[in-house]
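Q: Below is a structure I'd like to ask you about.
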Amino acid sequence: MRSSFPVVPTLAILWILATAPLLPAQDIEKARQEGVVVWYTNLNVDASQGIAQAFEKKFSPLKVRLYRAGNSALGARIMSEAQAGRTENDVTDMTLTFIGGLLQKNLVVPYNSPERRFFRDEFKDKESYWTGTTVQASVIGYNTRLVARQEAPKSYDDLLLPRWRGRKITMEAEAYEWFQAMLALKGREKTLEFIKNLRAQQPAFNRGRTLQAQLVAAGEYEVALELFNYRVEVLKNQGAPIDWVAPNPMVVNPSVVSLAARAPHPNAGKIFIDFLLSAENAALIRQAGRIPARSDVEPNPPRLLKGLPVWVPDPQDDINKVIALYNEAFGIGRK
């Protein structure tokens, strides 16, 4: 789906903090009696620990027990626990692409947080199973010392030009969400033809978009097929020779939060979800340089989303089939 993000004054954060409704005291007391909330998240360690500490300070003595891993590992852990007949987590936080598997297995339940009214339709489902927390916006990155602005690729098809042949391109080794977007936007046949031509360019596979941004900034590669634009902005602000171009549309994959089915601490889980979706947490996300999914808290700088047409994935897509086709298209796993 395509959309454009509105511009919202930063002062809106202060207004929301001042006028947001208080949580029912009895719900908070029930959560505190449970004592702990178990949070499975794909956020990095610094960001997730910062959020956990802010929550614990606000809702003392309630504690957050944190487990952090990548999306695939989180999904596998939850599935494994379910097969063993147990549920250890209360709250799940992973990208929208991967939440579909949990929905199909009935491993998350609806929770209509009062904070959901502050989110765009693209970042929440109608049944209240999931709501966005942060946004990952995929862009093409380039080294500004090696690539003039007018020469920077403006689209993924531009990466097929002879200019970029010979290990000048770095790309994520597990770019499943990006591949899912290509299938939706181009169709299967054109996507596979694009991948065939991209492989002929001899791109280098690297794991981790932060690492790739650093490699591009260091001049190890001239361009990156897919970086998160907020990561590039962090390096730019540090003086690194790197910038980004947003393809049209820009692939946006939000991380979404859900309440686990048979959560061992359901009241604490609901209070924690309210906090994750709050303007207070959105301000923390913005302060950390990331992109909050709340429509009334704009990112810093606003150009990370302002006026850009976006594509958001469908969680009903079978990500396992996407991964299998991705591996087949790139010849991964073949001897």
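Q: Identify, please: which residue in the range 160-208 is under 26 Å from the mean Cα position of the chain (by Cα) and acidic (Asp, Glu) and is, among those, nearest to Asn143 (Cα to Cα)?
A: Glu172
Q: Kindly indicate the residue of the range 111-148 that is touching a Ser or Thr at 6+ places or on another chain (Cβ under 9 Å) and assigned to a helix (DSSP H, G or I) and also surrounded by the fewest Cβ atoms within 10 Å (Cβ to Cβ) among those meeting that condition.
A: Filtering first and then ranking leaves Asp121.
Q: Further, regarding this structure: Collect the residues in the range 196-219 that are part of a loop (DSSP other than H, G, I, E, B), at pLDDT 95 or above and surrounded by fewer than 16 Cβ atoms within 10 Å (Cβ to Cβ), keeping them in residue-number order. First the steps, then the outcome.
A: Pass one, the range 196-219, residues part of a loop (DSSP other than H, G, I, E, B): 201-203, 207-208, 218-219.
With the extra rule that they be at pLDDT 95 or above, the set shrinks to 201-203, 218-219.
Within the range 196-219, Gln202, Ala218, Gly219 qualify.
Q: Among (1) more than 27 Å from Leu185 (Cα to Cα); (2) open to solvent by less than 20 Å² (accessible area, probe 1.4 Å); (3) charged (D, E, K, R), there is one condition Glu233 misses while meeting the rest; what is its number?
A: Going through (1) more than 27 Å from Leu185 (Cα to Cα); (2) open to solvent by less than 20 Å² (accessible area, probe 1.4 Å); (3) charged (D, E, K, R) one by one, Glu233 breaks only (1).
Q: Would you pick out the residues in the range 24-53 that are modelled with pLDDT under 90 and part of a helix (DSSP H, G or I)?
A: To start, the set of residues in the range 24-53 that are modelled with pLDDT under 90 comprises 24-32, 43-47.
Passing the criteria: Ala25, Gln26, Asp27, Ile28, Glu29, Lys30, Ala31, Arg32, Val45, Asp46, Ala47.
Q: Which one is farthest from Val135 (Cα to Cα) among residues in the range 37-53 that are hydrophobic (A, V, I, L, M, F, W, C) and open to solvent by 20 Å² or more (accessible area, probe 1.4 Å)? Let's see the steps before the verdict.
A: Of all residues in the range 37-53, those hydrophobic (A, V, I, L, M, F, W, C) come to 37-39, 43, 45, 47, 51-52.
Next cut, open to solvent by 20 Å² or more (accessible area, probe 1.4 Å) only: 45, 47.
Numbers: Val45: 17, Ala47: 14 Å.
Going through the qualifying residues, I end up with Val45.
Q: Another question about this same structure. If you check Glu81, Glu56, which single one turns out to be assigned to a helix (DSSP H, G or I), of a type outside the set (S, T, N, Q), open to solvent by less than 20 Å² (accessible area, probe 1.4 Å) and without any contact (Cβ under 8 Å) to a residue 12 or more places away in the chain? Quick ask: steps written out before the conclusion?
A: Numbers: Glu56 fails: open to solvent by less than 20 Å² (accessible area, probe 1.4 Å).
Among Glu81, Glu56, only Glu81 is assigned to a helix (DSSP H, G or I), of a type outside the set (S, T, N, Q), open to solvent by less than 20 Å² (accessible area, probe 1.4 Å) and without any contact (Cβ under 8 Å) to a residue 12 or more places away in the chain.
Q: Can you find, within the range 292-335, the residue that is surrounded by the most Cβ atoms within 10 Å (Cβ to Cβ) among those that are without any contact (Cβ under 8 Å) to a residue 60 or more places away in the chain and in a helix (DSSP H, G or I)?
A: Asn327
Q: Next question, about the same structure. Restricting to the range 84-107, what's the tally of residues that are open to solvent by 10 Å² or more (accessible area, probe 1.4 Å) and either over 14 Å from the mean Cα position of the chain (by Cα) or at pLDDT 95 or above (or both)?
A: Counting residues in the range 84-107 that are open to solvent by 10 Å² or more (accessible area, probe 1.4 Å) and either over 14 Å from the mean Cα position of the chain (by Cα) or at pLDDT 95 or above (or both) gives 11.
Q: Residues in the range 121-139: is at least one closer than 26 Å to Asp46 by Cα and touching an Asp or Glu at 6+ places or on another chain (Cβ under 7 Å)?
A: From the range 121-139, those closer than 26 Å to Asp46 by Cα are 123-124, 130-139; that's our starting set.
Those left that are additionally touching an Asp or Glu at 6+ places or on another chain (Cβ under 7 Å): 133, 138.
Taking every residue of the range 121-139 in turn, at least one turns out to be closer than 26 Å to Asp46 by Cα and touching an Asp or Glu at 6+ places or on another chain (Cβ under 7 Å).
The values are calculated or read from the model by the stated rules, or taken from the named source; none is laboratory data. Quantities reported herein were computed from a predicted structural model and do not represent experimental measurements. Using ideal geometry, Cβ is built from the backbone for each residue, glycine included, and neighbour counts are taken over all protein chains shown. Surface areas here come from the heavy atoms of the whole protein model, side chains and all, with no ligands, DNA or RNA. Shrake-Rupley method; radii C 1.70, N 1.55, O 1.52, S 1.80 Å.
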